[in-house]
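Novice: Here you go, one structure.
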């Protein structure tokens with residue numbers, strides 16, 4: 001719902017309530033929309049307040065005196081904005097300073113706009129998609145046909161719709177972010193490249209894409225401080241494809257699932273990790289979106305202070321250090337989104353015999369993630385719900401976690 005629509009609805013509700021009160025002495029029932037807003041706000045402390053602040057990157061001035069007539073309402077996401085203008089034009093501003101103006105089908109780009117604004121002519125239907133966690137958003141919006149080229153090889157996808165599309169040829173492989181096959185991109189008529197932040201390490205590739213007439217949109221949902229802020233990026237793609245209502249419903253469904261799972265302090269201590277090829281443990285930093293989902297679900301992440309101020313989301317620990325901090329954890333969860341995972345407790349212990357001394361291993365409280373969990377950004381509420389089910393012992397029906405025997 002946009003801000004203007006929300007304001008109009010609130011006014012109508014208030015008028016109706018004032019007419020109703022004199023005839024009824026009972027306590028008025030809280031309107032459904034207000035209750036929903038209240039519940040949503042409790043999912044992450046201060047998230048809505050932070051999102052309400054005007055972001056410094058937001059610049060809705062097109063440079064041609066056009067006025068904003070509406071803006072997209074966001075609850076958690078802080079890395080983008082969308083503004084609306086007369087005639088169906090929309091401007092998306094991203095936290096890296098990028099600005100993208102969508103032009104309705106059959107219309108022309110307005111004259112006199114600022115030179116930094118990237119013009120995207122709708123329909124957008126020949127995308128070179130490299131940001132892997134964005135594929136699920138296209139799938140959820142039923143916009144898989146908009147993707148022409150994938151920067152991820154078929155064998156590295158864990159999303160059924162992506163695998164099927166690459167098998168039937170509707171999506172072709174066009175090379176990874178650092179070495180795209182430019183001939184393939186041109187042959188497929190690519191008109192937009194959606195990249196992960198890894199593209200920032202290869203500026204020459206970015207420049208070449210732009211030189212070929214393929215603008216680059218750098219997906220930055222991974223920088224969101226709240227898990228649901230990452231999921232809310234579906235509203236950006238909803239705006240690009242004129243599916244704001246669909247995106248809002250999908251997002252609200254995940255908020256509802258998350259809301260039903262949070263608020264319970266289980267007292268369970270949790271370690272989330274995988275073992276790399278050198279035999280060291282790789283763990284998520286406190287404050288990372290995975291550790292925040294664990295916290296929202298009622299778990300207590302054992303790695304509270306890793307003493308690493310780098311920008312990465314993970315820290316590699318030698319096994320002795322990992323053992324000292326995680327051996328008494330009530331629950332350990334093996335991250336199978338990076339390597340091939342493990343199928344049993346015995347397989348886990350084979351990675352390092354010290355794992356056999358962990359309390360969770362001895363008590364049979366060892367879990368493994370599904371390999372597609374990272375690529376399912378649109379399932380944040382489901383993942384939080386799964387975590388909560390494991391922490392509370394109500395784990396009969398899980399999607400993204402499996403117990404190891």
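Novice: Condition first: assigned to a loop (DSSP other than H, G, I, E, B), touching a residue at least 24 places away in the same chain (Cβ under 8 Å) and surrounded by fewer than 20 Cβ atoms within 10 Å (Cβ to Cβ). Now tell me which residues in the range 78-111 satisfy that.
Specialist: 95, 96, 97, 98, 110, 111
Novice: Next up: Pick out the one residue from 283, 270, 290 that is within 24 Å of the chain's Cα centre (by Cα), modelled with pLDDT under 95 and within 20 Å of residue 365 (Cβ to Cβ).
Specialist: Of the residues listed, the single one that is within 24 Å of the chain's Cα centre (by Cα), modelled with pLDDT under 95 and within 20 Å of residue 365 (Cβ to Cβ) is 290.
Novice: Every residue in the range 140-157 that is surrounded by fewer than 18 Cβ atoms within 10 Å (Cβ to Cβ) and not in a helix (DSSP H, G or I), please.
Specialist: Answer for the range 140-157, where residues must be surrounded by fewer than 18 Cβ atoms within 10 Å (Cβ to Cβ) and not in a helix (DSSP H, G or I): 142, 153.
Novice: Kindly establish whether residue 63 is outside the structural domain of residue 187 (by the TED database) and part of a loop (DSSP other than H, G, I, E, B).
Specialist: Here the answer is yes, as residue 63 does meet what is asked.
Novice: Exactly one condition in (1) within 30 Å of residue 135 (Cα to Cα); (2) touching a helix residue (DSSP H, G or I) at 6+ places or on another chain (Cβ under 7 Å); (3) modelled with pLDDT under 95 is false for residue 340; which is it?
Specialist: Of the numbered conditions (1) within 30 Å of residue 135 (Cα to Cα); (2) touching a helix residue (DSSP H, G or I) at 6+ places or on another chain (Cβ under 7 Å); (3) modelled with pLDDT under 95, the odd one out for residue 340 is (2).
Novice: Go through 275, 333, 294, 338 for me and flag whichever is buried (at least 22 other Cβ atoms within 10 Å of the Cβ) and farther than 18 Å from residue 225 by Cα.
Specialist: 333
Novice: Only one residue in 167, 207 is closer than 16 Å to residue 147 by Cα, out of contact with any strand residue (DSSP E or B) (no Cβ under 7 Å at 6 or more places or on another chain) and assigned to a helix (DSSP H, G or I), so which one is that?
Specialist: Among 167, 207, only 167 is closer than 16 Å to residue 147 by Cα, out of contact with any strand residue (DSSP E or B) (no Cβ under 7 Å at 6 or more places or on another chain) and assigned to a helix (DSSP H, G or I).
Novice: From the list 114, 133, 61, pick out the single residue that is touching a residue at least 24 places away in the same chain (Cβ under 8 Å) and within 17 Å of the chain's Cα centre (by Cα).
Specialist: 133
Novice: Given the criteria over 11 Å from residue 129 (Cα atoms) and touching a residue at least 12 places away in the same chain (Cβ under 8 Å), does residue 170 qualify?
Specialist: In short, yes.
Novice: Separate question: Can you confirm whether residue 224 is in contact with a helix residue (DSSP H, G or I) (Cβ under 9 Å, 6 or more places away or on another chain), under 18 Å from residue 80 (Cα atoms), at pLDDT below 95 and surrounded by 15 or more Cβ atoms within 10 Å (Cβ to Cβ)?
Specialist: Yes, satisfied.
The values are calculated or read from the model by the stated rules, or taken from the named source; none is laboratory data. Model, not experiment: these values are computed from the prediction. Heads up, the Cβs are rebuilt from the backbone with ideal geometry, glycines too, and the neighbour counts pull from every protein chain shown.
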